[in-house]
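J.: Pasting a structure below so you can have a look.
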Amino acid sequence: MKLKTLLFSVLISWPFMMTMAEGEVNMKFGKPTKEEMQMTTYEADPEADAVVLCRLTDVEYIIQENGYLVDYREKCRIKVLKPGGTRYAKVVVPYMMNMSHGSKLGGLRFSMFANQLTAGPSSDLGYDGGSMTSEAMGDYSDESVEDLKATAFNLRNGKVVKSPLKKADVVKKEIDEQNYQLEFTIPDVEVGTVIEYEYTIHSELFWLLHDWFAQREIPVAYAKLDMNIPGYLMFNMEEHGIQRLTCTCTNGVVRYKLVSDPMSNPVSAISNHYVCVGRDLMAMPKDDYVYCAEDWRAGVTAELKQFRLRGTMQMDYAKTWEQIDQMILDDEDLGKQLGDHSPLRDVLKEKKIEEIADKNERAVAVYQLVMNKVKWDGTYKMRPEKTSETLSKGVGSNADINMLLIQSLNDVGLNAVPVVLRTREQGQLPFNFPSLQKLTSFIVGIVTDAGRNVYIDASSKNGYLNILPENLLVERARLVMKNKRSMWVNLQQVTKSQKSTLIDAVLTPDGVLKGKQTIRYEGLAAQKYRQEKGIDDFGPEATEISDFTLQGQVADGVITICPFPNPMKGSPFKADSRKMPVEFGSTGKNHVVINIALPEGYALQGEPRNTTIVSTDKGLEGRYQTSTGNDKVMLSCQFSINKLTHSEKSYGDLKQIFDLFSQYNTEPLVFKKLQ
């Protein structure tokens, strides 16, 4: 991924970059051009169902005496080119409400200004060095969607007909206590329609700058982000994506008037004026082999770094990961519970789990006890409830149960700590700055003196130690320890998946291959097998033994049969090229060995195949071997995924390997009776 760090500063501005000419773009909303109305295909992507012709996002801060407001003004024009494009008549606008200053980021309850500096005596707001959180934000902060307008433009008998949005087509939905969304469906949208909509998100959450993604699942001809942010607010910002945006930053001005003195002249404050433009951005749709498409789409992500109210001293928010570590440890729900005893303490003593000598077996005993008491509700969260409440309810999120696990593990003499992360489905953590806002969950880490730490999560039902679900296999997770230096861990190296199949079979003259099949599952493969079969067990591996029978074809003394029990029915990678990387669920290996005893007088036709193919970066590896002798044939096919993410540049190697092994897995063997 190509990244560029943008640091807000009054003294330093970005080097100037030439932006694309805007004269060709119709930025006047409410009146599509003749060319836009008559457009039938998008030249850069003739297969596109629709195209974003123009999207404008303006971010404007409003300075108040004791804080800030921010308006996000969004305008978008889309051309529908094919029937599939009519789905863009429905628009969803997320927004937040009930965001108290004690629970607004990552679901954690801590003072936003944990690292505040004392206000100086010259402060004209009268602060005496105490917390300014409530004065700046009040008890709760909300967002609202305002000034909504949407219209469908259609050509009817050579004339443009407008179909405006109706109030009945607008619905507000509550997702949870803090997350809401406004949904609206624009009427009369069909092939050829030009869709326009605009709205403003009025936000009191001035510290929480929205992520902006220029790229979408359909192509974007032009997108522009324009932000004018007071110099009092300093954000870390990261531009990301495979395609690059053109960005500039210049010093600007914000004008405001004091509410306490409405007759006074407007006051000016220095601002940072940021403009990011994307043009001719290719479509980047959701993909079965990409966990979060937004990781690779062109866009901008930001998080607050420093802050001050007008007339006060500067306050740091999160300049380093070490500061975030401390904020997590100071959190009322997560950090403060780490030192509490488990509500299962008496049960743990009664079962004498602390006396189990082997620490891994002790951890397993604790996990099984906890999971027998509380069931996972299928959600990943960052903020745990009180463990006594979780135990009483008997159900909880992974965060709820993981906190109960940490307390219980610590009560039996193990050193358990939280490992915070952002799940793969929600995207990667920023690379160039620390982020509390982007952390979405935590798992349990058991720290050992030998450095061979053990990891586990409440969602690992029917798994084992160091067997985590694919959604948690992130490259960067942070193990947070009190009184010790926290560290980064790569969970992709922790969990592996291996499936080994051994088939011993006899081939009969009538083409029947019959014998025994033994499959050994290890790691994540063992967990998946138990879940599919409904087996309630907890262990590092599983074994399945079954009868094996395949029927081949027989003609004129020639037997034709494909001996693989579950052949790869074609490569999943059909396209000649690819826009996004390929992300696999886990690393691992699939190895199949087939021993075939031949009927008397028969032999394998053709030369035995022995092939080894390895990708340039050794991320994929395949081996196929055939050997014969003593009226027997042995086949060995091994396919290994050695890393999870493969760039779009190495797609050719990947496709070739999958194509080759798909061919090997489906090609029949030919046995002929010798004369």
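J.: Return the aspartates and glutamates within reach of K166: Cα separation strictly under 20 angstrom, same-chain partners fewer than 8 residues apart disregarded; answer none if there are no such residues.
T.: Filter leaves E74, E146, D147, E183, D188, E190, E196, E198.
J.: Tilt of helix 651-666 relative to the longest C-alpha principal axis of the chain, in degrees (0 to 90, nearest 10)?
T.: Value to nearest ten degrees: 30.
J.: A further question follows. Normalising by the residue count of the chain, find the relative contact order in percent from Cα pairs under 8 Å and 6+ residues apart.
T.: 11 percent.
J.: Another question about this same structure. Please state the charge dipole magnitude for the stretch 227-368, taken about the Cα centre, from unit charges on C-beta atoms (+1 on K and R, -1 on D and E), reported in debye and rounded to the nearest 20.
T.: The calculation lands at about 740 debye.
J.: Now for a different question. State the percentage of accessible surface on the chain attributable to carbon and sulfur atoms; use a 1.4 Å probe and exclude ligands, DNA and RNA. Present the calculation step by step, with values, prior to reporting the outcome.
T.: Working: 15060 of 31490 Å².
Carbon-and-sulfur percentage of accessible area, whole number: 48.
J.: Can you tally the net charge around A555? Count Lys and Arg as +1, Asp and Glu as -1, for every other residue whose Cβ sits under 15 Å from the Cβ of A555.
T.: Once positives and negatives cancel, what remains is 0.
J.: A further question on this structure: Treating the beta-carbon of each Lys and Arg as +1 and of each Asp and Glu as -1, no other charges, what is the dipole magnitude of the chain about its Cα centre, to the nearest 20 debye? Please report the intermediate quantities before stating the final value.
T.: On the way: 80 positive and 88 negative charges, 189 e Å.
Computed charge dipole of the chain: roughly 900 debye.
J.: On a 0 to 90 degree scale, rounded to 10, what angle separates helix 359-373 from the longest Cα axis of the chain?
T.: Its long axis makes an angle of about 70 degrees.
J.: Taking a probe of 1.4 Å, how large is the accessible area per residue of the stretch 296-380, in Å²?
T.: Counting only protein heavy atoms, the per-residue value for the stretch 296-380 is 47 Å².
J.: Give the cross-link partners of K373 among the aspartates and glutamates, using a straight C-alpha distance below 20 Å as the criterion and excluding same-chain residues fewer than 8 apart.
T.: D340, D346, E350, E354, E361, E385, E389, D400, D411, D457, D536, D537
J.: Okay, next question. Per the chain: cysteines with no other Cys C-beta under 4.7 angstrom?
T.: Singleton cysteines: C54, C76, C249, C292, C562, C637.
J.: Report, largest value first, the span of the C-alpha coordinates of the stretch 347-493 along each principal axis, in whole Å.
T.: Taking max minus min along each principal axis of the Cα atoms, the stretch 347-493 gives 49, 36, 28 Å.
J.: The stretch 589-662: which trypsin sites (Lys or Arg not before Pro) are DSSP loop and have at most 10 other beta-carbon atoms within 10 angstrom?
T.: Here the sparse-neighbourhood loop sites are K618.
J.: If each DSSP helix of 4+ residues adds -39,500 (n - 2.57) and the sum is divided by the residues in the chain, what number results at 222 nm, nearest 500 deg cm²/dmol?
T.: That comes out to -4000 deg cm²/dmol.
J.: Using a 1.4 Å probe, what is the accessible area per residue for the stretch 447-520, in Å²?
T.: Per residue, the stretch 447-520 has 47 Å² of solvent-accessible surface.
J.: Also: Starting from the Kirkwood radius over alpha-carbon pairs of the stretch 577-620, derive D by Stokes-Einstein at 25 °C in a medium of 0.890 mPa s and give it in µm² s⁻¹.
T.: 159 µm²/s
J.: Turning to a different aspect of this structure: To the nearest 0.05, what FRET efficiency results for K672 and K352 with a Förster distance of 51 Å applied to their C-beta separation?
T.: Details: r = 67 Å, r/R0 = 1.31.
Once rounded, the FRET efficiency stands at 0.15.
J.: Hand me the trypsin sites (Lys or Arg not before Pro) from the stretch 351-457 located in a DSSP loop with no more than 15 other Cβ atoms within 10 Å, in residue order please.
T.: K351, K352, K386, R452
J.: Let me ask another. Once the dipole of the chain is set up with Lys and Arg at +1 and Asp and Glu at -1 on Cβ about the Cα centre, which of V480, V92, V80 lies farthest towards its positive end?
T.: Value computed over the given set: V80.
J.: Further, regarding this structure: Provide W212, W488 ordered by accessible surface of protein heavy atoms (probe 1.4 Å), highest first.
T.: So, going from the largest accessible area down, we get W488, W212.
J.: Oh, and also: Which links in K172/K386; K82/K167; K149/K224 stretch past 25 Å when you go from one Cα to the other?
T.: Long pairs (Cα-Cα over 25 Å): K172/K386; K82/K167.
J.: Right, next: For the stretch 485-565, what's the relative contact order in percent, using C-alpha pairs closer than 8 Å and at least 6 residues apart?
T.: Computed value for the stretch 485-565: 29 percent relative contact order.
J.: On the Cα set of the stretch 596-673, report Rg and Dmax in Å, please.
T.: For the stretch 596-673, the Cα radius of gyration and maximum Cα-Cα distance read 15.7, 51 Å.
J.: Looking at the square roots a ≥ b ≥ c of the eigenvalues of the Cα gyration tensor of the stretch 529-674, which shape do they give, rounded for a/c under 1.5, prolate if a/b is larger than b/c, or oblate?
T.: Oblate, since a/c reaches 1.5 and b/c is not below a/b.
J.: On C-alpha positions alone, give me the angle between the axis of helix 398-411 and the longest principal axis of the chain, in degrees, nearest 10.
T.: 80 degrees
J.: Among the listed pairs K516/K655; K352/K375; K319/K579; K286/K375; K499/K672; K351/K496, give every one whose C-alpha distance is greater than 26 Å. Before the final figure, lay out the partial values.
T.: Numbers: K516/K655 33 Å; K352/K375 23 Å; K319/K579 34 Å; K286/K375 31 Å; K499/K672 32 Å; K351/K496 32 Å.
In this structure, K516/K655; K319/K579; K286/K375; K499/K672; K351/K496 lie more than 26 Å apart at Cα.
J.: Sticking to Cα atoms, compute the Rg of the stretch 439-510 to one decimal and its Dmax as the biggest Cα-Cα distance, whole number, in Å.
T.: Here Rg and the maximum Cα pair distance are 18.5, 72 Å.
J.: I'd like the distance separating the alpha-carbon centroids of the stretch 325-382 and the stretch 158-180, in whole Å.
T.: Cα centroid of the stretch 325-382 versus Cα centroid of the stretch 158-180: 46 Å apart.
J.: Excluding ligands, DNA and RNA, what is the solvent-accessible area per residue of the stretch 528-606 at a probe of 1.4 Å, expressed in Å²?
T.: In whole numbers, the stretch 528-606 has 54 Å² accessible per residue.
J.: Looking at H591, M634, I324, which one has the Cα that reaches farthest to the positive end of the dipole of the chain (charges on Cβ: Lys, Arg +1; Asp, Glu -1)?
T.: Among H591, M634, I324, the one farthest towards the positive end of the dipole of the chain is M634.
J.: What is the sum of charges, Lys and Arg at +1 and Asp and Glu at -1, for the other residues whose Cβ falls under 12 Å from the Cβ of Q498?
T.: Every neighbour counted, the sum reads +3.
The values are calculated or read from the model by the stated rules, or taken from the named source; none is laboratory data. Bear in mind the structure is a predicted one, so any value in this text is a computation, not a measurement. All Cβ positions, even for glycine, are placed from backbone atoms using ideal geometry, and neighbour counts span all protein chains on display. In case anyone asks, the SASA skips ligands and DNA or RNA and just uses the protein heavy atoms, side chains included. Shrake-Rupley method; radii C 1.70, N 1.55, O 1.52, S 1.80 Å.
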